[in-house]
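In what follows, a single structure is set out as structure tokens and then discussed.
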Amino acid sequence: MLRFFRKRRNPKQLGRDLRETNQSQVNVDEYAANVKDAPVSSDLDENEQRVKEVFDHCSDIVFRRLVINDETEALIIFVDGIVNSDHINDNILIPLLLEYTTIPDHVSPEALQEKRVSLTQLTRMTRIPKIVDGVLAGNVALFVTGYEECLMLNVIGGTRRSVAEPSGETVIRGPREGFVENLRTNTALLRFRLKSTRLKTKPFIIGEETRTNVVLAYLEGIADPGVIEEAEKRLKAIKIDGVLETGYLEELMEEQPFSPFPQFQYTERPDTVAGQLLEGKFAIFVDGTPFVLTAPVTVWQMIQATEDYYERFLIGTTLRWLRFIFAAIALLTPAMYIAISTYHQDMLPTTLVLSLAASRESIPFPAIVEAMIMEIVFEALREAGIRLPRTIGQAVSILGALVIGQAAVQAGIVSAPMVIIVSITGIASFTIPKYNFAIAIRVLRFPLMFLAAALGLFGIVIGMVWIVLHLCHLRSFGVPYLSGISPYQKNMMKDLFVRAPWWNMKYRPITFNKQNRRRVELQAHPTQNQQEE
Amino acid sequence: MPKRRVACWITLAACLLTGCWDRREVNDVAFVVGSAADKEKDKYRTTLQIALPGQLGGVGSQGGGGGTSGNKPWFNASDFAETIRESSLEQQKSVSRFLYYAHRRTFMIGEGLARDGIEPIMDVLGRIPQNRMTAFVVISKGPGYRILNADAPIEKFPAEMIRELAVNSMKNPRTIKHVVNLILSDGIDLVLPIVSLKKSIPGPGEKGGKSTIELDGLAVFHQDKLTGLLSGKEAKGVLLGMGEATRPEITIMAPGAKGKITAVFPFISVKHQPVIQGDQITMKIQIRASGTIIENESNLELGRKHNLHNMEKVLAQTIKSTVESGIRKLQRKYNSDAIGFGKTIYNQLPKEWKRFSGRWDEMYPKVKVMVEVHTHIEHSGALIKPFGRRDRNIQK
């Protein structure tokens, strides 16, 4: 079974991917040249014809002819809706049509760039496929009669959701900004937090049809260069028709796709990303989704919440312990209940075992069937609650809880203790802050339940050994999933089971950060200074 | 890879298919909560008290057979055979659920069986891991099954009542583990609490009253055989001498006044010290007791220092005579070294013990016992003067 999880990419395979990558860049150009590679012609009609051929049956493409200085004919092409039409009016159309400054020689694109168009970002291009690409990315293409080049004016715009509080990761204390679907806004949100020249944002374009902008962000000199190189390699190796969410990249980049445990963390919170980068990790932004991937990860950070770092360290540590305990409960309680009630009745206090027996007296099913019924119903309730609009969702959960909880017990289908067990498990699984990890725990609960039903506590031990072995084996970008404990790192202990006070976390975690280790000045705390004096 | 996969599936199947063989749901098990062993001629009679969860009236048991219609939540199965285990098996024939001993917390030995010796029956209690070694052992006055049949309305099961009583009987209540340990030790004999039936006063409209169980003194052993039953003052004395008495209450005549005073001693320390001169063994027993007054029926004012002092003296004297009377009974009548004089010598003067160990049974009755008691009354409760007495009636 373990082998089942072991399927991962070997380095040779990665190398091959890399070689294909170079070809794939060629392919990108080939793609663009679906249209036929051709230079810009000096004849405006010919250019228009070519571009129109490419954008056949595309109703959202706008072609607009205009005359500059009463003499030169020009053509602008853009995709309606993804450009900022205010910019087009104020900075392109008005200067070109209404102003009458003398332009020496002829009205050339170069002259227009220098004298007329009041935009900061523009480039000149000569190949039709590139121009098509640019237009699709939200540029305005400006052709001028008689010149074999085209002016690409960057007016990316269009309506996008504005920055709001991330609904998936709410906090009591901490910033309330969340990422949005716009890549540029997202990188800006990060840049607001890290005003450092070390923050590098390397662009990639992934997806042959979606042409999605992807950005790899990291702090140069703090992140491990080997990891960054590996991440770049894997990003470049990706050949796919479309990337609509970071999940696509996650699956295409992770080392062990069959593991139930996530090898990336995703977040909607810019402060979380900034925190991860400061620890020496990297982040992957994808245009069109508010979720940002960070890696490498360890199992410990799955149980840590952003607020651990914002609240005072005693509270952070306490909450962290609470979560550890509840993670164990979420994983083990149903299995333990099944094991104890079918094999180890001697382990419970007499009074408890008798009342357990009393409540199970009229139950027709064995404990495992009873548990499966309740767990599946619970998972279904949860799923139903998520998919429905929020207001109805709550009603469903309440209804479900009442109907399933009360009626099932009264009807003698499940016993009251089982309802308690399932509810505790449910509550416990909600305390895990990272949703993808919580799902892993929830899924692993089921095999453990079967093992408990077949072999009792012995089975649970076997299951746990399996899980721990798998965790020991798991790696995220070469970083062991259990690092801190295995391999043991004294330096990381300050941020695993406890959250050491900030003035005491003097170095960055060693598994992610090999250079530029110091995080806090030695005498960071006022009392430490006094001691010195 | 396919080979590997096949191996995986085989391992998984082996894991899951070989499981379940000893699967037993909670409601396929008959929980034995207490049992009694008696001897009938040459055969053993065992009585098992089985809990009936369906009658317990727990939440969610509405669908269960019977419900709580005043039926007792237990069932006693009783049968006899050549061995204890065999008699249990006889009962299994008439019990549809699997007899499960892990929750047996009391083991009662009938007086008759105890007089014949309990050595042979201990093995079955230790051999099956299901049996709890921490089950309390008590001796029943008369046959054990009668006591298991008591109404015991205070607890859910008579066995539970026996357990609670056993817990209160001594500071370190005797469990199967202790019993075996004591049988095997040289120089100390076994003492177990006795339980017997008691009728309550019938309430209105009730006939005959309900039967309950009471702690009724101590069963004293010599080696593995019961030699006598102690009760009342003697039993209290032995417990005090062992240092096993739990909150003993001592009642005395108020010195220099009319009436009685009762004191309770929650803190007692007992020291045994052997003094050996030739073949003459003297055992010094030092008892330090501190406690409080819980009742002053007399007219003595306890606030006065001399009154308190006198009272402490009388209390000490009373404890001393109680202990002495208990030990006298042990030495003269039952020849039972319940307090463990022999063991004390073995622990403190191991070289001397070698001389006596062979003939300890003869030596023991000749041991001279010196009891020395210090009592200390820490306070007289919430009151100093007798409550509800006129001042002129109070003895200062």
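The values are calculated or read from the model by the stated rules, or taken from the named source; none is laboratory data. This structure is a prediction, so every number in the text was calculated from the model and none was measured. Backbone-built Cβ (ideal geometry, glycine too); neighbour counts: all protein chains shown.
Details
- Residue in the stretch A:410-427 that is surrounded by the most Cβ atoms within 10 Å (Cβ to Cβ), counting only those that are within 14 Å of chain B (Cβ to nearest Cβ) and not in a loop (DSSP other than H, G, I, E, B): A:Met418
- The sole residue among A:Val286, A:Val353 that is under 25 Å from A:Glu220 (Cα atoms) and aliphatic (A, V, I, L, M) is A:Val286.
- Condition check for B:Val275: touching a Ser or Thr at 6+ places or on another chain (Cβ under 6 Å), modelled with pLDDT of 90 or more and either part of a strand (DSSP E or B) or of a type in the set (Gly, Ala, Ser) (or both): yes
- Of all residues making up the stretch B:117-136, the number that are free of Cβ contacts under 8 Å to residues at least 24 places away in the same chain and more than 11 Å from chain A (Cβ to nearest Cβ): 3
- Only one of the numbered conditions (1) away from chain B (no Cβ under 14 Å); (2) within 20 Å of A:Gly456 (Cα to Cα) is violated by A:Ser397, and that is (2).
- Helices (runs of 4 or more DSSP H) contained entirely in the stretch A:307-362, each with at least 1 residues that are within 9 Å of chain B (Cβ to nearest Cβ), over 25 Å from A:Thr272 (Cβ atoms) and touching a residue at least 60 places away in the same chain (Cβ under 8 Å): A:313-342, A:350-360
- Any chance B:Ile50 is farther than 21 Å from B:Gly217 by Cβ, assigned to a strand (DSSP E or B) and either within 16 Å of the chain's Cα centre (by Cα) or modelled with pLDDT of 90 or more (or both): yes
- Among the residues listed as B:Ile261, B:Ile285, B:Ile252, the single one being within 30 Å of B:Tyr364 (Cβ to Cβ) and touching a residue at least 40 places away in the same chain (Cβ under 8 Å): B:Ile285
- Output for the stretch A:495-512, where each listed residue is surrounded by fewer than 18 Cβ atoms within 10 Å (Cβ to Cβ), over 14 Å from A:Asp224 (Cβ atoms) and free of Cβ contacts under 8 Å to residues at least 24 places away in the same chain: A:Asn504, A:Lys506, A:Tyr507
- Boolean, B:Ile250 is more than 20 Å from the chain's Cα centre (by Cα) and assigned by TED's automatic domain parsing to the domain that holds B:Thr318: yes
- Flag set for B:Lys3, criterion: more than 10 Å from chain A (Cβ to nearest Cβ), among the basic types (Lys, Arg) and part of a helix (DSSP H, G or I).
- In the stretch B:294-311, the residues that are closer than 21 Å to B:Ser269 by Cα and crowded, with 21+ Cβ neighbours inside 10 Å: B:Met311
- Restricting attention to the stretch B:27-47 and to residues that are within 10 Å of chain A (Cβ to nearest Cβ) and touching a Phe, Trp or Tyr at 6+ places or on another chain (Cβ under 7 Å), the residue that is modelled with the lowest pLDDT turns out to be B:Asp28.
- Taking each residue of the stretch A:445-456 that is at the interface with another protein chain (Cβ under 7 Å from one of its Cβ atoms) and looking for partners that are not in a helix (DSSP H, G or I) with beta-carbon atoms closer than 7 Å, six or more apart or interchain, yields A:Ala454/B:Gly19; A:Ala454/B:Cys20; A:Leu455/B:Gly19.
- Within the stretch B:122-149, the set of residues being in contact with a helix residue (DSSP H, G or I) (Cβ under 6 Å, 6 or more places away or on another chain), of a type in the set (A, V, I, L, M, F, W, C) and buried (at least 21 other Cβ atoms within 10 Å of the Cβ) comprises B:Leu125, B:Ala135, B:Phe136, B:Val137, B:Val138, B:Ile139, B:Leu148.
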